[in-house]
Amino acid sequence: MRFGIAIFPTDYAIGMAELAQAVEARGFDSLWVAEHTHIPVSRQTPYPSGGDLPQEYWHTLDPFVALTVAAGATTTLKLGTGVCLVVEHEPIDLAKRVASLDHVSGGRLLFGVGGGWNREEMANHGTEFSQRWGVLRERVEAMKTIWTEDEAEYHGRHVNFDPLWLWPKPVQKPHPPIWLGGNGPNTLKRVVRYADGWMPNRGRWLDRIAELQRLADEAGRGPIPVQVYGARTDPQEVERFLAAGLQRCVFYVPPDGRDAALRRLEELTEFVKPYSG
């Protein structure tokens, strides 16, 4: 099992270049960044974890800018979006940004995607909450077409364009791996339909891995990798992840300045030593 680090890349957090170099030097395989384009002041949608919404949610850098900085400071570290809120992006533009980052990083992007939870946030981008999963699927399908075809076109309910040219194509073929976040009733069907891996971050999900692999087999797919995002430093939990055959376990470091992030990174480095290689 591999181990990764995640952060809300805020304007007051450790610099992405320094963090990326520190993560790579300590043997972690990947660095992941959260995304929120903004947070509506109304705050009508409750925070899923309960209580007040932490301020890092409206202080995050653009994930592709943050990961481009990380790419330039490292050589082997994989670079992940955790998660990109696809329903808040125009798909042709997003396809260009994903392919460009995969190009400049030499094929190191891991494209984590999700439907989002903040109704007002996505509404400001023109996506109605009840339609978000249909929007996400079509945008992902459309981007796959752009990445893999010289003359790409897509005609759906939410995305519609005639043949177009768009380069660069991603370095990774056919495209960067798509990791779908979430753990809702229909998440596994969505993973099987248009994603390359499943990335749950809360709730009871370990006992759903068998169902995921059954659905994959019924769809004529091979085993689908699973990784956990935002894991706890609980040895028993990590042992369960190992037994379940997870591909990766991702831990957060705090977004509250350089010292806090590096201190937590050192703690995590020591924690994963018994489970690494």
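None of the figures in this text is laboratory data; all of them are computed from the coordinates on show. Computed from a predicted model, the values in this text were never measured in an experiment. Counting neighbours? That spans all protein chains shown, and the Cβs are built from the backbone with ideal geometry, glycine included.
Among the trypsin sites (Lys or Arg not before Pro) found in region 140-241, those both in a DSSP coil and sparsely packed, with 16 or fewer other Cβ atoms within 10 Å of their Cβ, are Arg157, Arg202, Arg204, Arg221, Arg232. Taking the Cβ of Lys169 as the center, what net charge do the other residues with Cβ under 15 Å away carry, scoring Lys and Arg +1 and Asp and Glu -1? Taking every Cβ under 15 Å from that of Lys169, the sum is 0. Counting only aspartates and glutamates at least 8 places from Lys273 when in the same chain, those with an alpha carbon closer than 16 Å to its own are Glu24, Asp29, Asp234, Glu237, Glu239. With the chain treated as a Gaussian network of Cα nodes joined by springs under 10 Å, which of Gly114, Gly156, Gly15 yields the largest mean-square fluctuation? Sorting by GNM fluctuation, first place goes to Gly156. Between Lys189 and Arg232, the contour length at 0.36 nm per residue exceeds the Cα-Cα span by 12.8 nm. Estimated at 0.36 nm per residue, the fully extended path between Ala243 and Leu164 surpasses their Cα-Cα distance by 23.8 nm. Averaging 1/r across all pairs of distinct Cα atoms in region 190-277 and inverting the result yields a Kirkwood radius of 14.6 Å. Stokes-Einstein diffusion for region 90-218 at 20 °C, viscosity 1.002 mPa s, with a Kirkwood radius from C-alpha pairs, works out to 137 µm²/s.
Calculated over region 14-97, the projected area of the Cα convex hull averaged across directions stands at 6.7 nm². Within the chain, the ratio Rg/Rh, alpha carbon atoms throughout and Rh by Kirkwood, equals 0.94.
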